[in-house]
Amino acid sequence: LLGLFAIAWVGVGFVGSGSWLALGMTVALAAAYLLGAQEIRRFRSASTGLAQALTHIPQPLGSLADWLARVPVPLQNAVRQRVESGRGALPGLALTPYLIGLLVMLGMLGTFLGMVVTFKGAVFALEGSADLGAIRGALAAPIKGLGISFGTSVAGVASSAMLGLMSAIARRERMDVSRALEQHTAGALRPFTAAFIAAEHRDQTFAALQRQADALPQVVTQLQALMEQVERRHQQLDEQLTARQDQFHREAAASYTDLGHSVAQALAQGAPLPALYWRLA
């Protein structure tokens with residue numbers, strides 16, 4: 001309001017003076033000032049929304065996206081990166097730093113243009129008359145216009161100072177909410193940080209390795225039992241094979257013995273050779 005009052009006060013002085021150039025520059029100053037003030041208003045509104053979201057973090061927080069829905073849209077991506085990776089800064093003012101300097105430049109430009117017009121009028125007055133009284137009267141209007149033209153510099157400097165003050169306050173608020181975000185990142189939002197997730201993965205990996213190490217003796221015991229079972233089975237198969245071979249040898253020996261008795265009986269009875277061959281077959 002102070003910045004607008006300074007611009008309006010200077011602009012009212014130009015209304016009845018006929019200096020349309022200075023009045024136009026004052027209107028440009030007001031437009032630039034309002035543009036910067038509007039950006040600062042949105043900037044502070046986003047900071048306030050983030051501060052409110054930080055003070056109302058649900059516990060327990062199941063998902064980061066559920067909480068980010070409460071954060072103002074312009075800050076959601078920056079806050080997500082800040083929480084998850086711990087890197088990146090919250091966005092700052094884009095146009096306002098440029099507009100602060102632009103207001104001073106516009107004020108000075110209006111003054112310079114007013115001086116050019118004034119000097120042209122003074123030269124015209126000096127060249128148009130040789131009478132001292134007439135010259136004084138002719139120079140009165142340009143000199144008065146010169147004083148009015150400096151009003152644009154006053155408006156530019158005043159509005160620039162007020163816009164700079166608002167910008168400093170807005171940046172201070174953003175720094176405060178950024179520090180609050182850091183504190184909550186180390187507290188309620190810590191389960192969603194990259195460091196916590198990595199540490200949790202390491203813990204899970206270590207637990208899995210520990211379970212494997214604990215299960216290794218059981219596996220060794222089971223393998224030993226399996227090897228003993230295989231060895232017993234091998235021994236049983238060897239014993240069965242040996243027993244079958246012994247049985248085969250006994251049966252073969254008995255068969256040969258019977259055959260020998262049959263051959264002996266046939267020879268003793270004087271059986272012909274064909275009959276003997278048939279018996280052998």
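The values are calculated or read from the model by the stated rules, or taken from the named source; none is laboratory data. Every value quoted in this text rests on a predicted model; they were computed, and no experiment measured them. Backbone-built Cβ (ideal geometry, glycine too); neighbour counts: all protein chains shown. Please note that ligands, DNA and RNA were not included when accessible areas were found on the heavy atoms of the full protein model with its side chains. Shrake-Rupley method; radii C 1.70, N 1.55, O 1.52, S 1.80 Å.
Details
- Taking the listed residues 169, 197, the one that is over 23 Å from residue 112 (Cβ atoms), open to solvent by less than 80 Å² (accessible area, probe 1.4 Å), at pLDDT below 75 and assigned to a helix (DSSP H, G or I) is 197, with no other qualifying.
- Residues in the stretch 204-221 include at least one that is of a type in the set (S, T, N, Q) and modelled with pLDDT of 80 or more.
Residue-by-condition table, conditions (1) under 14 Å from the mean Cα position of the chain (by Cα); (2) within 16 Å of residue 182 (Cβ to Cβ):
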| site | (1), (2) |
| --- | --- |
| 42 | no, no |
| 48 | no, no |
| 77 | yes, no |
| 89 | yes, yes |
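This table checks each residue for (1) closer than 26 Å to residue 167 by Cα; (2) modelled with pLDDT of 85 or more.
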{"residue": "5", "(1), (2)": "yes, yes"}
{"residue": "19", "(1), (2)": "no, no"}
{"residue": "24", "(1), (2)": "yes, no"}
{"residue": "28", "(1), (2)": "yes, yes"}
{"residue": "32", "(1), (2)": "yes, yes"}
{"residue": "36", "(1), (2)": "yes, yes"}
{"residue": "43", "(1), (2)": "yes, yes"}
{"residue": "49", "(1), (2)": "yes, yes"}
{"residue": "74", "(1), (2)": "yes, yes"}
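- Subset of the stretch 172-194 that is open to solvent by less than 50 Å² (accessible area, probe 1.4 Å) and polar (S, T, N, Q) - its residue that is modelled with the lowest pLDDT: 193
- At least 2 residues being open to solvent by 70 Å² or more (accessible area, probe 1.4 Å) is the threshold, and among the helices (runs of 4 or more DSSP H) wholly inside the stretch 1-94 those reaching it are 2-15, 20-55, 73-85.
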